[in-house]
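All remarks here apply to the structure that follows.
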Amino acid sequence: GNSVTQMEGPVTLSEEAFLTINCTYTATGYPSLFWYVQYPGEGLQLLLKATKADDKGSNKGFEATYRKETTSFHLEKGSVQVSDSAVYFCALSDGGGTSYGKLTFGQGTILTVHP
Amino acid sequence: EPEVTQTPSHQVTQMGQEVILRCVPISNHLYFYWYRQILGQKVEFLVSFYNNEISEKSEIFDDQFSVERPDGSNFTLKIRSTKLEDSAMYFCASSSGAPQYFGPGTRLLVL
C-alpha cells in the first residue's frame, strides 16, 4: 500500500535559518503530493501541493518539488520566521489530479523557530 | 473565508458508551472525510463519503463506526461502543475535488 516517511523531529532553528524537512513516499501509480501545516490549536491547513513529476509547489516562501526518480517531496524555506513554528505533515493522495482520494500522511515534524 | 467546523472540541466518555462527533463541512463541497490521529502517531484515514454513501473505508472503520449526513449541513461520525483505543484526535475534512480542507479536530478521551 501507499506510505509516507518524514524526517524525525523535532526540528529547532533560529530565525532566518534555512529549513529542510525530508519526505519520501511509496505509492502505486501517480499520486498527488501535499504538505499540510498545523498551527497550535488549529486544524490541518494545506500549505502546498504538486500533482505530477517535476511540479514545484510553493506558498508563503515554502517550496517542494515532486521528484519521481527519488520518490521525494522535500519541504524547504530559505529563511524561517518565529510564526512558522508548527507541525508539518507530508501526504499523498491516490486520486490522481484531484483530492477526492484518501490522504496518506507522514508522521509529522514539529518545527520550533526561536528569535 | 469558509472553513470546516467541528464540535465538540473535547469529549470525555466512559468505555462502552456511544459518542457522536459532529462536523459542518464547507457548504458547496461534495466529498467528506474522517481521519484520526492517536497521540504520537500518524494521521490515519477512516472513511470517505460522497453522494450520500461511503465511497471508501479503512480497516479501522469497523462495525462500531458509522457516518451520516442527516441534513444538508452536518456530517457525523458515530462510535457505537467506545474502547480505550478509540482515544484520539478526530479530524473531519471536505473537498470539492481539490484540495481537502480540514476542521480543527475533536479530541476524544475514553476512560
Partner lysines whose C-alpha sits under 21 Å from that of A:Lys102, ignoring same-chain residues fewer than 8 away, are A:Lys49, A:Lys52, A:Lys68, B:Lys42, B:Lys57, B:Lys78
With each pseudo-label sitting 7 Å past Cα toward Cβ, what's the B:Leu30-B:Glu53 distance in nm, one decimal? 1.6 nm
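Jot down the per residue volume, in cubic angstrom and as a whole number, of the convex hull over the alpha-carbon atoms of chain A. Please list the in-between numbers first.
Working: hull volume 10.7 nm³, N = 115.
Output value, Cα hull per residue: 93 Å³.
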Label-point separation (nm) for A:Thr70 and A:Ser85, each offset 7 Å from Cα along Cα-to-Cβ? 3.0 nm
Sticking with the crude label model, points 7 Å out along Cα→Cβ, report the distance from B:Ser96 to A:Lys60 in nm, one decimal please. 2.2 nm
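I need the fraction of alpha carbon pairs in chain B separated by more than 17 Å, rounded to a whole percent.
Working: 3013 of 6105 pairs.
Tail of the P(r) past 17 Å holds 49 percent of the pairs.
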Do any trypsin sites (Lys or Arg not before Pro) in the range B:1-97 lie in a DSSP loop with no more than 16 other beta carbon atoms within 10 Å, and if so, which? B:Arg80, B:Lys83
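Can you sort A:Glu16, B:Glu44, B:Glu59, A:Glu76 from fewest to most other Cβ atoms within 10 Å of each residue's own Cβ? Don't skip to the answer; put the middle values down first.
Values: A:Glu16 11, B:Glu44 19, B:Glu59 5, A:Glu76 15.
Arranged by neighbour count, lowest to highest, A:Glu16, B:Glu44, B:Glu59, A:Glu76 become B:Glu59, A:Glu16, A:Glu76, B:Glu44.
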So if I take the alpha carbon set of the protein assembly as shown, get Rg, then get Rh from the Kirkwood formula, what is the Rg over Rh ratio? 0.97
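Let me have the relative contact order for chain A, percent, based on Cα pairs under 8 Å that are six or more residues apart. Could you put the intermediate results ahead of the total?
Working: 307 pairs, mean separation 41.5, N = 115.
Value for chain A: 36 percent.
Here, each number is a calculation from the coordinates, and none is a lab measurement. Please read all numbers here as calculations on a predicted model, not as lab measurements. Ideal geometry is used to build each Cβ from the backbone, glycine not excepted, and the neighbour counts take in all protein chains shown.
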